[in-house]
Each structure stands twice: as structure tokens, then as C-alpha cells.
Amino acid sequence: MSGVPRPPRGLPVRVAAGLAVLALAGCALVPGSVSPVDEVEFTHELPVPPLAPSRVVDGTRVFSLTAQEGTSELVPGVQTPTWGFDGPYLGPTLRAERGERVAVEVTNDLPEPTSVHWHGMHLPAAMDGGPHQEVEPGGTWRPTWRIDQPAATLWYHPHPHGQTEKHVYRGLAGLFLLDDDASVAADLPHDYGVDDVPVIVQDKVLDDDGTLELDDSGAEPGTLGDVVLTNGATGAYHDVTSERVRLRLLNGSTARTYQLGFPDRRMDLVATDGGLLEAPVEVDDVRLAPGERAEVVVRLEPGETTRLHSFEAELGGVVVPFAMGGNDAFDVLELRAADRLTPSPEPAWTPSAHAAADALHADDATVTRTFQLDDRQINGRRMDMGRIDETATVGTTEVWEVRSTVPMPHSFHVHDVQFRILSVDGDPPPPALAGPKDTVYLEPNRTYRLLMRFEDYTDPDVPYMFHCHMLWHEDQGMMGQFVVVEPGQEAGTDVDGHAGHH
Ligand code: C2O
Ligand code: CU
């Protein structure tokens, strides 16, 4: 036990106990980390989720997705029972353009209720796929909405009440890419699966017979796996045939925060959760907490090989960073450049025709709300599906002041909107936090001021969620609900307090 720091005073007992368990486990493994990631050979071609087929019916682009059970070889030679959409693990990539009306026919072939939430999407609350829109086993659900937001790398995943961690961890997740005038005309790699590559990063624990295990010891911050998957494969490589490659990075893990970059080169950050930045920003790495995305463009020389790496994550003032994954460093994806590379232009784009209308202005904010996160509560409350915590009036611009008051990692996510981070502890955000966001890692004891506007889609009876995107925290009730109403209208009093499909 020597060298294991004691949890500081005042830490919740459950958390402290968890840390001690982790610390003990860590002594037997790698000093300095309780959650090391195994080294692997990079010999597996990166699987690229297929683009989902769709058909256009009466002007609506219709997709279908079936949540199902299956078996996957996540680790070579080991068969693991998994869940996926239209396959055994993960799901196809949906893709649509701004202005299009879409519909998704969701079928639940699982033995238990699930839901499909469109993370980052601006849409009516009844289409959002949260805990109020669960789909029973054998049931179907057909949300439809018009895409009305900038080009972005969004994603979809289940959101059943109290069961999100298990469903996502078993494999239910996929990307939803949006295009617009700016992204289509941009000088950015855009050949899907070739030089425009989805990179879904997730960590797992497999037991001896290959079954996916969730850490139920109560240890913070939840499950940190020793197996890291990229699009469902360990040790994946991708063959690069052009000078530049765009990586659409998604942290689809339950608890781990990654610090992704290349040890031997910088990269251009071009987009965050909700879309393109104003201009590319050269960065060494990007920190991604669960739920966050980033698009980066990387340059390669002919014939060379490099690896996307997760550096020791900068978690801010968390207690015992090594217990939170902060000392773990490992490779995620190998890029192998061909001997001859086709030229690719420098990343550049001009603003969308919608940019002025989309812009958020701090001067317009008329409402400020504060959100204090402790170990499992937001403003002293846990999730209650029958309670509306916040009521926003349509057309208003608001500032949400969010602060984690405990030395634990949290990842704050708001449904329906993309926000701008106005400041972090009063300072302007760093470039990686200056673009459109729907999820943000909260460094403990720092105040994040988020600017957002509730444009449309009023419904006093069906709420949107805000919550911690560390999935174990979320399932334990670190979540609240808000509705968007007409001026003068009140939140409904008959909000359905039960999960389930009506
Ligand atoms: Cu990605 Cu409420 O979730
Ligand atoms: Cu949390």
C-alpha cells in the first residue's frame, strides 16, 4: 500500500472506499496507474461503420435502425456477447443535410426496453429519444424532424432510465453526420472512410470468458477499461492514401476522458461537438470527456507511420488523478501512409449562409441559471422523471453557469441546443472550447458560463434532459429535466413520471 495517497477528508464515503479498492488493485499492476491499458499489436484494419441506407418518401429521408443482440470479436480470438444497431456492435453512420426532413424507424429487438437519443440534435422534445421515449421489446418508434443546424459530427445512443451505461457499453452507439453549404464547399477531406474517418473510442473490461464487465464496486469514476477499442476493434490501423486525413473523434466511453494527439506532430482542430470552428486551430492534442467530439485534420508524409495516442489526461483539480485514469497513456489508432499520397488542400472554409442567424450573442441573454454539480446531484437533486427542474421560454437566450463542486470528473451535456462557452472562471475559453458545444468536461471548482438559445419546439409536457455524460453518474440520477414553453406558459403538471412508450 505504500505510495497510495489517502483520500482527502470530506470525500464521500462511497467514493473513498472505491478509491481504496482501486488503489489496492493498482499496486499489483502498474505503479502510478490503477487503470492501465494493455499494449496491443496494431494489425487489425480499422472497421469503418457503413453509411446507413435511406430512402426518400414524400420529401422525408427515412432511415431504419434495429437494436439487436449479437456476438463480436472485440479482442482477437475472443467471442463477446454484444449489442448493436443493424449488426452485433455499434451502428451505421446516418447522414443528412441541413434543411432535409428525416425520419428514423427504430425497432427494438432487445429483450428489454431501450431508446435512441440523437445527441447534439436540435429537435422537438418528443423526438429526442430520452427516457420518456423508451421503446418496448419488439416495439417500434418513428421520430421525425427537420435538420436545422450547422454541419457537425453528432451521434446516437440509448438513453433508457437508469440503464444508459449498460446499453451504450454493450455497443449501442453510432454517428449521425450533418452536412451544410459550408461543409460541402469546405477544403476538408470528405471521402467517408477513406480520408474522412470516424474514430469512436471506447474502453472495456472483458472477463475470462469474453463477457463485457461493468465495474460495480462503486469506485470513481465508473468503469475504466484496460481494452481500448477504436470503432469496435483493438489495435486498429488505417491506410492513408492522401496527404491529409480528417478524423472524426468521438469519446463513446462510459467514464474515461482521453487526451488525443500525435507524439510526433501537431494537428488542425477544425470542428467541435456542434460544428466547424471559425477557422482551423493548430493543437497538440484534444481532451475529450464522455460524449464529446472533435474533428481534426492530420498531415502525413509518404511512406510514414504514426499513431494517434491518448496522453495522460489533464483532468484539472481532481482528487487522486491516477484513480480517474489521469496517468494512463496508450495508442489508439495507427495511420499508415502509402508511398504516394494524393494532394489534399490546406483546411479552409467560408461561413455558412446561416451563420449570422445561428450566431449567439451574449448581449441577448436575459436569463441566468446556475447548476452546481456535486458527486451525484445537480443543484441538490437527483433525477425524477415526473419533475420539471427548469422552464425556458421560447426565443430566449440564456446563460447557464455550471460548476462542479467536488474534485471528481464530470461531463456536462445539454439536450436540444448547441452552446458557446463564454468563459471558464472568467477567462475566455481556450480555442478547443470556443466552438459549438453540447457537452463539456468540467474541471472541478471552475465556473463554465454557457450561452444558449431556445429557438422553437415548445412543449410544456415533454422535457429535454441536462446531465453528466459519465454514464454511471447519469444512471445514478445526475440529471435534470427542462421544458421549452410559449411566453407566459407554465410547465405541464402531468409530465409522465414513468419510462415507457405511450
Ligand atoms: Cu448523449 Cu442525454 O445524452
Ligand atoms: Cu459525472
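The values are calculated or read from the model by the stated rules, or taken from the named source; none is laboratory data. Everything numeric in this text was worked out from a predicted model, so none of it was measured. In this analysis, Cβ positions are derived from the backbone assuming ideal geometry, glycine residues included, and neighbour counts consider all displayed protein chains. All accessible areas refer to the heavy atoms of the entire protein, side chains included, with ligands and DNA or RNA removed. Shrake-Rupley method; radii C 1.70, N 1.55, O 1.52, S 1.80 Å.
In terms of its Cα atoms, region 356-443 spans 38, 30, 19 Å along the principal axes, sorted from long to short. 3J(HN,Hα) along region 324-340, derived from phi through the Karplus expression 6.51 cos²θ - 1.76 cosθ + 1.60 where θ = phi - 60°, amounts to 9, x, x, 9, 8, 9, 6, 8, 10, 7, 9, 10, 10, 7, 5, 5, 10 Hz, with x in place of Gly and Pro. For region 452-468, the Karplus equation 6.51 cos²θ - 1.76 cosθ + 1.60, evaluated at θ = phi - 60°, returns couplings of 8, 10, 9, 6, 6, 6, 6, 6, x, 9, 10, x, 9, 10, 10, 5, 7 Hz by residue, with Gly and Pro reported as x.
Farthest toward the positive end of the dipole of the chain, out of Leu123, Thr211, Ala289, is the Cα of Ala289, where the dipole comes from beta carbon charges about the Cα centre. Relative to the Cα centre, the charge distribution of region 428-502, modelled as +1 at Lys and Arg Cβ and -1 at Asp and Glu Cβ, gives a dipole magnitude of about 580 debye. For a quick check of understanding: with a 1.4 angstrom probe and all protein chains in place, what accessible area in square angstrom does Trp349 have, to the nearest ten? Looks like 40 Å² after rounding.
So, taking all protein chains as they sit and a 1.4 Å probe, how much accessible area belongs to Asp38, in Å² rounded to tens? Looks like 90 Å² after rounding.
About the centre of its Cα atoms, the chain shows a dipole size close to 660 debye [charges on the beta carbon of Lys, Arg (+1) and Asp, Glu (-1) only; nearest 20 debye]. The residues of the chain present an accessible area of 37 Å² per residue when probed at 1.4 Å with all protein chains retained. With each label modelled as a point 7 angstrom along the Cα→C-beta vector, the Thr241-Phe311 pair spans 3.3 nm.
Suppose R0 equals 41 Å. What FRET efficiency, 1/(1 + (r/R0)^6) with r the Cβ-Cβ distance, do Gln489 and Ala338 give to the nearest 0.05? E between Gln489 and Ala338, to the nearest 0.05, is 0.10. Residue separation of Asp284 and Ala329 scaled by 0.36 nm, minus their Cα-Cα distance, works out to 14.7 nm of gained length.
Toward the positive end of the charge dipole of the chain, with +1 on the Cβ of Lys and Arg and -1 on the Cβ of Asp and Glu, the farthest Cα among Thr305, Gly325, Gln149 is that of Gly325.
Heavy-atom surface analysis with a 1.4 Å probe gives the chain a carbon and sulfur content of 48 percent of its accessible area.
Check Ile378: other-chain or 5+ apart residues with amide H under 5 Å from its amide H, H built from backbone geometry? Here Met479 satisfy the definition. Using only the C-alpha atoms, the convex hull of the chain corresponds to 142 Å³ per residue.
Put Asp363, Asp180, Asp264, Asp208 in order of accessible area, largest first, 1.4 Å probe: what do you get?
I get Asp208, Asp363, Asp264, Asp180, largest accessible area first.
Considering the dipole of the chain built from charges on the beta carbon (Lys and Arg +1, Asp and Glu -1) around the Cα centre, which of Phe412, Ala353, Pro47 is farthest to its positive end? Ranked along the dipole, the leading option is Phe412. Within the chain, antiparallel bridges make up roughly 70 percent of the DSSP beta bridges whose residues both belong there.
Measuring r between the beta carbons of Glu301 and Val48 and using R0 = 30 Å, the FRET efficiency lands at 0.80.
Counting heavy atoms of the protein chains alone, Arg307 has an accessible area of about 80 Å² for a 1.4 Å probe. Residue ranking by accessible heavy-atom surface, 1.4 Å probe, largest first, among Val78, Val320, Val199 comes out as Val78, Val320, Val199.
A simple spin-label model places the labels of Arg382 and Arg369 2.1 nm from each other, with each point 7 Å out along Cα-to-Cβ. Taken about its Cα centre, region 299-392 carries a charge dipole of roughly 260 debye when the Cβ of each Lys and Arg holds +1 and the Cβ of each Asp and Glu holds -1.
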